[in-house]
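Throughout, read-outs are computed from the coordinates displayed, never taken from laboratory work. All values derive from a computational prediction rather than experimental measurement. Virtual Cβ from ideal backbone geometry, glycine too; neighbours counted across all protein chains shown.
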Amino acid sequence: MKLTVEEFQRWEHKCITLLGMSGVGKTCLANILRKHAWFHYSGDYRIGTRYLDEPILDNIKQQAMQVPFLRDLLQSDSIYICNNITVDHLKPVSSFLGKLGNPELGGLPLQEFKHRQRLHHQAEIAAMNDVPEFIRKARLIYGYKHFINDAGGSVCELDDEQVLRVLDEHTLILYIKATEHDEHELISRAESDPKPLYYREAFLDEQLDIYLKENNLPYVAMVNPDEFVRWMFPRLFYARIPRYEAIANQYGYTITTDELSQVKNETDFLQLLEKAISRQC
């Protein structure tokens, strides 16, 4: 939603959606605000505990069944497996997404990889459409005054106008733009510790074709999963920037990672929001 500074100041129950690449500080900011009566809604947590819970568990069980000792215990119902997903521990979600490539190196076949990507896409849309209901719950059930929606880094790639309309109607959308220095930091971090990522299918197909040709690889099964993620991350990063900016220009506001790094408490954050609003008035 678009507001004047005065309207924002009078807004009794503030609801903010944070957009930006993973690593720009969305969850860190949400953790600061949790100490000041803000309800922290994590899109990735909702995805993992509500919409991908069963597929995640099925994936873990499938891996466990390959170990004879665990297979016998599972088949006899002597043990059970459950997720331990928390807002600060979301590894089961990323491990389900997995990485594309050579199965001997932990990679997934292209068909299975795309299947999981589509499930994540559907789950992220559902999680963002849940925001209005959780705003209601946060205030009426749990007694929180304000609401922060810590959206996943791939929200800009959903290509779902309904989601953007829902978020715009119920929240103020704030894009956290990485400075040039922080861009290099995020890319360097991703290269040193390549993690599973979500890709739009058209983008994946386009980039995968380039990667296979550049590396003279005839089959996806020959792709090194970690090397592919390292190669893909900067391309994904720069492909997402105009998408974030388009959303912020139409629906919300923009701050930089440098500005966010100065936020130590709720007062700092509210003052920064007022500054961001005034820049676009």
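So, in Å, what gap is there between the alpha-carbon centers of the range 144-194 and the range 80-103? Spelled out, the Cα-based centre of one part sits 20 Å from the other. Students often get this wrong: which residues of the range 44-70 have the backbone nitrogen under 20 Å from the point 7 angstrom along Cα-to-C-beta of His115? The answer is 48, 51-67.
The distance between label points at Glu185 and Asn265 comes to 2.3 nm (points 7 Å beyond Cα on the Cα→Cβ vector).
Placing +1 on each Lys and Arg Cβ and -1 on each Asp and Glu Cβ, with no other charges, gives the range 133-281 a dipole about its Cα centre of roughly 540 debye.
Calculated FRET efficiency, Gln162 to Glu245, Cβ-Cβ distance, R0 = 22 Å: about 0.60 to the nearest 0.05. At an R0 of 45 angstrom, the distance between the Cβ atoms of Arg10 and Asp88 translates into a FRET efficiency of 0.85. Net charge of the neighbourhood of Leu108, taken over other residues with C-beta under 10 Å away and scored Lys/Arg +1, Asp/Glu -1, is +2.
Using a Gaussian network model of the chain whose springs link C-alpha atoms within less than 10 Å, name the residue from Gly98, Gly23, Gly143 with the highest mean-square fluctuation. Judging by the Gaussian network model, the answer is Gly143.
Mind checking the angle between helix 110-129 and the chain's longest principal axis? C-alpha axes, 0 to 90 degrees, to the nearest 10. Approximately 20 degrees, to the nearest ten.
Ile60 to Arg230: extension gain in nm, 0.36 nm per residue of separation minus the Cα-Cα distance? Could you put the intermediate results ahead of the total?
Working: separation 170, 0.36 × 170 = 61.20 nm, distance 2.50 nm.
Contour length minus Cα-Cα distance gives 58.7 nm.
Exposed loop sites were defined as trypsin sites (Lys or Arg not before Pro) in DSSP loop states (anything but H, G, I, E or B) carrying at most 13 other C-beta atoms within 10 Å; in the chain the longest segment without such a site runs 146-263.
Candidates Tyr41, Gln62, Trp231 compared by Cα position along the dipole of the chain: farthest toward the positive end lies Tyr41, with charges placed on Cβ.
Taking the chain as a Gaussian network of alpha-carbon nodes connected by springs under 10 Å, the highest mean-square fluctuation of the residues Phe96, Phe39, Phe269 belongs to Phe269.
What you get for the range 28-175, charging only the Cβ of Lys and Arg (+1) and of Asp and Glu (-1), is a dipole of about 480 debye around the Cα centre. May I ask you to derive the relative contact order of the range 1-151, considering only C-alpha pairs under 8 Å and at least 6 residues apart, and to give it as an integer percent? It rounds to 42 percent for the range 1-151. Where only DSSP H runs of four or more residues are counted, the chain gives -17500 deg cm²/dmol as its mean residue ellipticity at 222 nm, each run worth -39500 (n - 2.57). Contact order for the chain, expressed relative to its length and based on alpha carbon pairs under 8 Å spaced 6+ residues apart, stands at 32 percent.
Most fluctuating residue of Asn83, Asn215, Asn265 in a GNM of the chain with Cα springs under 10 Å: which is it? Checking each option, the largest mean-square fluctuation is seen for Asn215.
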